[in-house]
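Notes for the one structure printed next.
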Amino acid sequence: MVCYFSKLFPTGILLAVTRERGAACWSTLATLPRRLFQRPWRSLRVKFIVVIVALQLTLMGVITVVRERHQRAGILDQARLRARSLALSLAALSEGKLFSYNFIKLEQIAEKAAADDQDVMYVIAHLYDGRVAVFSGRPDLQETQLSDPLSQRALQATAPLVQELPGGETTARGDDVAIPVLAPHSAKKWGTMRLGFSLQRVYERIYHTRLTLLWLSLGAIVCGTSLAIMLALWVSRPIRQLVAGVQAFTRGSYDYPLQVDTHDEIGYLAYTFTQMRTSLQRHLARLAEEQHRLEEANSRLQQMQQQLIQSARLATVGKMAAWVAHEMNNPLAIIKTSVRILQNQSREDSQTIRRLHSIDEEVHRIARVLRELLDCSPTSTTQEVVDVNAVIHSLELLLAPTLQSEHISLRVVLEPDLPQVYMGSDRLKQVLFN
């Protein structure tokens, strides 16, 4: 039977190519989310867009596939119902002609049915013994037996039977509808009317429906993607502003203006960050003030330390000067007394008197310098238990010659019961000498 239909319709539509193109398109769309997610996206905005687009692709793909299957099943059911209706009508018209063996009228009905409806591929009338009574477009097959499996199943059918025609690369797809014709008022099968119904236009309609669904899906995906991009930009804009503020904050720009005008969680986060920045600025200001005060205190401490060091040095020098002055005062007093004695003993030798007078002046000058040095030096801290009467008696022999030279008499009257005193004996001697 396949060879008969191939000869009748050598230019069938190549729906296989269409199916391959559709499968390739759907395969590309199905692998798009996976290819997108394989890339190392780091931007939150891109991730948001990719997730929404992938969700759209998945949903639209599922909806399109389900819708296309329902549409395809509905169109095929409608076409097969129409083919069965045509076959039943044809069997009703051909029943009388088949009973009376009026093959001419039967052939006219078959040719007219094939000519009036472009979906009718062929009309075949079988006699009760299986011979072909009428074959539209193929008069050479009349009075022959068709031995193909499709024809054998149709001849054996006792009820309306719809079979799918075996399609090929050059043969249009279709259905073979077999209607058994029964003898009047009898269950005996008198013949079979067969109608070949082409599904070419049905599959074209299915293809256009699929294409329409595909374009609608692509349009929905484009609109959804645009909306996702706008939404991602709207959502990521305050995040970018917040990130810019944080980066400026890390660079030390604490006065960078942070403007986030949203009233959602991102706005609350920006507000919290602003409060943290303000608190940190106040804390840094306090730290700067404390650092300034610490630097000033450190500077004062360093100055005081230098002053203490200088004072300690001066005190050390003063102590040494006082010690030297104390140690030299007594010998100078003895020298001065001795000079006065020599002056008194050498009144006739004017040259000796002049020399002794020079010596006395120089000794007096040295004593004056030592006295000035003692006045500038700190008080000696060397103290001991002193017997005041003993100290005075030790100075009596030294002071007596000096006083006699000035015609001053010296009389020492001491209290015998004076207690010992804790003091510096050198200071007492200095006072008495002065």
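Please get the size of the charge dipole for segment 59-101, origin at its Cα centre, with Cβ charges of +1 on Lys and Arg and -1 on Asp and Glu, quoted in debye to the nearest 20.
Its charge dipole is roughly 80 debye.
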### Query
Over the Cα atoms of segment 277-425, how large are the radius of gyration and the largest Cα-Cα distance (Dmax), in Å?
28.5, 103
### segment 197-277: relative contact order as a whole-number percent, Cα under 8 Å and 6+ apart
21
### Query
Leaving out ligands, DNA and RNA but keeping every protein chain, what accessible area does VAL50 have, in Å² rounded to the nearest 10, with a 1.4 Å probe?
10
### Message
Among 219-226, 275-282, 336-343, how do they line up by average Cβ neighbours within 10 Å per residue, starting with the highest?
### Response
336-343, 219-226, 275-282
### Query
Per-residue accessible area for TRP234 at 1.4 Å probe radius, Å² rounded to 10?
140
### Query
What lysines could a cross-link reach from LYS336, if we take a straight Cα to Cα line under 17 Å and drop same-chain neighbours fewer than 8 places away?
LYS429
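I'd like to check one number: the per residue accessible area of segment 148-209, probe 1.4 Å, reported in Å² as a whole number. Each step should come with its number before you reach the end.
Values: 2900 Å² over 62 residues.
Normalised by residue count, the accessible surface of segment 148-209 is 47 Å².
How big is the dipole moment of segment 218-312 about its Cα centre under a simple scheme where the beta carbon of each Lys and Arg is +1, that of each Asp and Glu is -1, and everything else is neutral? Debye, nearest 20, please.
Using only the charged Cβ atoms, the result is roughly 120 debye.
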#### Entry: Charge context of THR158, other residues only, Cβ under 15 angstrom, K/R +1, D/E -1
+4
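Using DSSP to call loops (not H, G, I, E or B), can you name the chymotrypsin sites (Phe, Trp or Tyr not before Pro) in segment 249-327 whose Cβ has at most 10 other Cβ atoms within 10 angstrom?
The qualifying sites: there are none.
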### Message
I'd like to know which of GLN163, SER151, ILE179 lies farthest towards the positive end of the charge dipole of segment 128-201, counting +1 on Cβ of Lys and Arg and -1 on Cβ of Asp and Glu.
### Response
ILE179
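Mind ranking 313-322, 297-306 by how tightly packed they are, going by the mean number of other C-beta atoms within 10 angstrom, highest first?
Final packing ranking: 313-322, 297-306.
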## Note on the structure
Answer in debye to the nearest 20: the dipole magnitude of segment 108-243 about its Cα centre, from +1 Lys/Arg and -1 Asp/Glu charges placed on Cβ, is 720
#### Entry: Partners for LYS97 among lysines (Cα-Cα distance below 18 Å; same-chain residues under 8 apart left out)
LYS105, LYS112, LYS188, LYS189
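The values are calculated or read from the model by the stated rules, or taken from the named source; none is laboratory data. Everything numeric in this text was worked out from a predicted model, so none of it was measured. Cβ coordinates were reconstructed from backbone atoms using ideal geometry, including for glycine residues, and neighbour counts include every protein chain displayed. All accessible areas refer to the heavy atoms of the entire protein, side chains included, with ligands and DNA or RNA removed. Shrake-Rupley method; radii C 1.70, N 1.55, O 1.52, S 1.80 Å.
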